[in-house]
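Accompanying notes for the structure given below.
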Amino acid sequence: MEIEAFLSLFKKPFTVKYPFEPSPAPEGFRGRTEFTDDCVGCGACAAVCPAEAITVRDEGDTRVLKVDHGLCIFCGTCQDTCPWEGIELTEKFEMATLDKETVYDEVEHELIFCEGCGGVITTRKHMEKIQESIKDVGLIDKDRATIENLCTSCKRRHFAKEISEAMSLGS
Amino acid sequence: MDMVVQFGPQHLALAEPERFKVHTEGEKVVDVEVAVGYNHRGIEKLAERKTFEQDILLVERICGICSMSHPVAFTQAVEDIAGVDIPERANYLRMIIAELERIHSHLLWAGIAAEIIGIETLFMYIWKDREYVLDQLEIITGNRNHYAWNTIGGCRKDITEKHIPPLLTALEVVERRTEYYIDAFLRNRTIRARLVGTGILPREDARKLCTVGPTARASGYAVDVRKDDPHLAYDKVDFAEIVLGEGDNMARAKVRLLEILESVKIIRQATKAIKGLPEGDIAVPVAEIPPGESVGRYEAPRGEVFHYVKSNGTFYPERVKVRAPTYSNIQAVPTMLMGDTLADVPISLASIDPCFCCTDR
Amino acid sequence: MFPYRWPVLIRVSAVRIGDLMDVQPFISVLIVPGLLFTSVMAFLYAGMYRKVRARMQNRRGPPFVQPFYDFIKLLSKDSIKPEKSGMLFTWAPIIALASVLIVPILFPIGGLSFAGDLIVVIYVLNVSAIMLAVGGFSSGSPFGAVGGSREVTQLFAYELPLAISMVAVAVKASSFSLVGIAGAQEAGGMFFYQLPFACIAFLSIIPAKIGLQPFDIPEAEQEILGGPFVEYSGYRLAIFTFANQVKYFVVISLAVILFFWRNWWQFLITGFLLWLLFIFVKIISARVKTDQSFVFFWQYMGILALVDLVRVVI
């Protein structure tokens, strides 16, 4: 140890002069959580987040999803749970800021409403993606399966009425 | 001159707050009162409000350096309740990260012990080599400390072919440097003057006070969950249990440093073993946890970690009880300190490798 | 040459003052080797200490002038006086600083001197060590009291080899003044190879005197929270720290004058080299306990110094 101490005087130090020298994170580092362009606003991430850092709020005809980096524990559960690759943990770790707005990451989606009861069905993007993903699936009646202006309860009531009308006509 | 010197809650020798009231006559210690609970955060209560999957990430944050111990013990308990057997590759993956954590935790301890007895240089050198291990953990798991590696039923990520060569290179460096540090600890006369013969814990007291981990093994009391009740894949790899007899601070230092070398051996065998197992087979899906209760045991760097989980069939556990190793070891502290001088108190306290956030949860 | 030319220059330009009184003492006390020179050297030694220590530990370390910045910063901070402390809490650092600042005035590089000033130097340096203990006791904290008692114990321990080796040097030089000892070395060669045992004994007490490993048990940061320094803050801590830094320079310079003197520029260089050696010894050592240091100083170093004293007397 004595020899090493003496020789270290002449060697380059081990420390990096961060922030004057860069110190990048490796690939796969779990850094700042951000919504991507693929987010549909389904809210699955908010349901599984252990720290309850992601909130889903419906305001008027927009749905706002917000992730609070002060609460986020950077575990990556949202990334693993999201079916659409809509949220990801980037490799950014320099999040210190004086501006409170940068502590949150928000994304807004347009909502579609039920013509029957006026309640929220889901976001337009979510509906489009669902329709996109089932368009090649073999269904008997594609038109009936993709009614996009009724929520599930109103849809059930609508089909139940159709079926009962068909049965009463038939009899 | 009778004095009461209070170590803590804030003290430079302790990384975390606990109170030790040391009664001295002159410089000799005659009595020690220990008070714990300064770091209590109510994690067990909070665990009842989160689902099993979320609880893994919660118990991970009981502590920063034991952050593989608590999730593995917890998931082992839950997997036992659910009655699932996780794939063999997942056991090896968990074991690799667990042993990497053991290496970096023991290196951390060695650095802190060196700093407390005054030789700051060794502290800087040891922590420099610890950086190589932490870099590997960051590359493999995505973070230096909270790995988020476990899920109920296996692991979340895999160790692929490209991760292994840099890992083995880092392990070579660590092995070489650990042998150098063992030599430094044993040969440097001022270090020997401080560590040899101080903080003695006899074997009978170690057994009666139920100490665990390197604290017990250095006193000749051979307990090691990896050998007594093999979990993960410890029964499939070959390693030695380090047991020494003196029970003083130097013995505890030697046990930890030698265990680093054993961990390197384990990781090398594990990386060879996973080459033969299919990549990607790292978890089995677990749909629901039936009612039941079980216990998960794991050998953390500080000793045996013990999780008791009770499920009542809902999404949330009914009870999670955590017993961390330092909670057992801290009861041996008065015996160790009795009769020594005041100058030995900080290093004897630090030699049980205290993790007070695990103790208080 | 330079210390002896300045008084002449000042006398030429301030001819009236020079006619009325002798300016040499004022320059010696205030400039060289007095207040200004000592302060600069103290900050330089302290800066070197931190930089060299960092580089040996694979770090970069603060800039060389960092101790000066720290001093200014501490002056601007609030100095809290504990309720249980007394008046000595404020006066201990001031007396410590005053006592160490007296010693460089007697150095043979343009300073004042009188017969027997070596004895004054020994006692005045003891005052600063005792003030450390007094500061610890007066701070009203058990850690301070423990640190203070350790300092007194260690003082008692290293006094013996210190005194014996100094007496050996004085007998060899047939003079109890620093100028006389310097003159004897200029004439007859450096004392370190003529009195090797006394030299080793004296060098071994230096870490204890200035508070460096392996004998810095009174100021142990990690164990007793800094010992005597635990309750100090603000300007009181600034003065105490500055007194310690001056002590680095003063004690090392004393070692050079007693054993390694040739002339004034070699004095400066040897001072730096000796300081580097002690930094290196500090880096590679842990802290020994009070009882172990006591045994070391009284038995081993005391006997070593005694050997040389006997040799030189006979």
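Computed from backbone phi with θ = phi - 60° and the Karplus coefficients 6.51, -1.76 and 1.60, the 3J(HN,Hα) list for segment C:153-165 is 4, 5, 4, 4, 6, 8, 4, 4, x, 4, 5, 5, 5 Hz; x is used for glycine and proline. The ellipsoid equivalent to the alpha-carbon distribution of chain A has semi-axes of 53, 17, 12 angstrom, derived from the gyration tensor eigenvalues as √(5λ) and listed largest first. Placing a pseudo-label 7 Å from each Cα along the Cα-to-Cβ vector at B:Tyr38 and A:Thr102 gives an inter-label distance of 3.6 nm. Would you work out the relative contact order for chain C, in percent, from Cα pairs under 8 angstrom that are 6 or more residues apart? Relative contact order, chain C: 24 percent.
Roughly what would the spin-label model give for B:Met338 and C:Arg60, points 7 Å off Cα along C-beta, in nm? For B:Met338 paired with C:Arg60, the spin-label model returns 5.2 nm.
The protection proxy used here, the mean number of other Cβ atoms lying within 10 Å of each residue, ranks peptides B:81-89, B:143-151 as follows, highest first: B:143-151, B:81-89.
Need one number: the % of Cα-Cα pairs in segment B:195-302 sitting beyond the 18 Å mark. Counting every Cα pair in segment B:195-302, those more than 18 Å apart make up 60 percent. Sequentially through segment B:330-347, phi angles give Karplus couplings (6.51, -1.76, 1.60; θ = phi - 60°) of 5, 6, 7, 4, x, 4, 5, 7, 4, x, 8, 7, 4, 5, 8, 4, x, 6 Hz, Gly and Pro residues having no value and appearing as x.
Axis of helix A:152-170 versus longest Cα principal axis of chain A: the two differ by about 20°, to the nearest ten degrees. Taking Cα atoms only, the orientation of helix B:120-141 departs from the longest principal axis of chain B by about 10 degrees. What does the C-alpha gyration tensor say about the overall shape of segment C:81-184? Classify as rounded when a/c is under 1.5, otherwise prolate if a/b is larger than b/c, or oblate. Oblate, since a/c reaches 1.5 and b/c is not below a/b. Along chain A, the longest continuous region that contains none of the trypsin sites (Lys or Arg not before Pro) in a DSSP loop with at most 13 other C-beta atoms within 10 Å is A:18-91. For B:Asp183 paired with A:Glu27, estimate the spin-label separation in nm (one decimal), with each label point 7 Å from Cα along the Cα-to-Cβ line. The answer from the label model is 3.8 nm. Computed over all pairs of different Cα atoms, the Kirkwood value for the hydrodynamic radius of chain B is 20.9 Å. Relative intensity of segment B:252-361 on a log10 scale, I(q)/I(0) at q = 0.12, 0.14, 0.22, 0.24 Å⁻¹, equals -0.71, -0.87, -1.17, -1.23, per a Debye sum over C-alpha point scatterers of equal strength in the absence of solvent.
Please give the Cα centre distance for segment B:33-54 versus segment B:283-307, rounded to the nearest Å. Using only Cα atoms to place each centre, the spacing works out to 17 Å. Compute the accessible area of each residue in segment B:115-132 twice, once for its chain alone and once with every protein chain present, using a 1.4 Å probe on heavy atoms, and list those whose area falls by at least 50 Å². For segment B:115-132, once contacts with the other chains are taken into account, B:Gly118, B:Glu120, B:Thr121, B:Met124, B:Tyr125, B:Lys128 lose 50 Å² or more.
Hey, can you grab everything whose amide H is under 5 Å from the amide H of B:Ile352? Only 5+ residues off in sequence or another chain; H modelled, so Pro and N-termini drop out. When sequence neighbours closer than 5 places are left aside, there are no close amide H contacts. Ranking of B:Leu257, B:Leu277 by solvent-accessible surface, largest first: B:Leu277, B:Leu257 (1.4 Å probe, protein heavy atoms only, all chains present). Between C:Arg262 and B:Met3, take the C-beta separation as r, use R0 = 45 Å, and let me know the FRET efficiency to the nearest 0.05. Once the sixth-power term is evaluated, E becomes 0.35. With N counted as the residues of segment C:231-313, its alpha-carbon radius of gyration over 2.2 N^0.38 Å works out to 1.41. Taking a Cβ cut-off of under 13 Å around B:Ile140, the surrounding Lys, Arg, Asp and Glu residues balance to a net charge of -1, with basic ones at +1 and acidic ones at -1.
Note down the Stokes-Einstein diffusion coefficient of segment A:1-65 in µm²/s, whole number, using a Kirkwood radius over alpha carbon pairs, 10 °C, and 1.306 mPa s.
On the way: Rh = 17.0 Å.
Using the Kirkwood radius from Cα pairs, D works out to 93 µm²/s.
Looking at segment B:274-353, the GluC sites (Glu not before Pro) that sit in a DSSP loop and have at most 15 other Cβ atoms within 10 Å of their own Cβ are B:Glu279, B:Glu288. Computed over the protein assembly as shown, the range of Cα coordinates on each principal axis works out to 137, 70, 53 Å, biggest value leading.
Is the shape of segment B:143-182 rounded, prolate or oblate, going by the alpha carbon gyration tensor and its root eigenvalues a ≥ b ≥ c, with a/c under 1.5 for rounded and a/b larger than b/c for prolate? Walk me through the intermediate numbers first.
On the way: a/c = 3.40, a/b = 1.93, b/c = 1.76.
Cα axes put segment B:143-182 in the prolate bin.
Along segment B:214-220 the Karplus relation, 6.51 cos²θ - 1.76 cosθ + 1.60 evaluated at θ = phi - 60°, assigns HN-Hα couplings of x, 4, 6, 5, 6, 9, x Hz to successive residues, with x for each Gly and Pro.
Compute for segment B:83-158: radius of gyration divided by Kirkwood radius, i.e. Rg/Rh, restricted to C-alpha atoms, rounded to two decimals. Don't skip to the end; give the middle numbers.
Details: Rg = 15.4 Å, Rh = 13.7 Å.
When Rh is taken as the Kirkwood radius, the ratio is 1.12.
The values are calculated or read from the model by the stated rules, or taken from the named source; none is laboratory data. It should be emphasised that the depicted structure is a prediction, and the values quoted were computed from it without experimental measurement. Glycine gets a Cβ as well: all are built from the backbone with ideal geometry, and neighbour counts include every protein chain shown. What goes into the accessible areas is simple: the full protein's heavy atoms, side chains included, and nothing from ligands, DNA or RNA. Shrake-Rupley method; radii C 1.70, N 1.55, O 1.52, S 1.80 Å.
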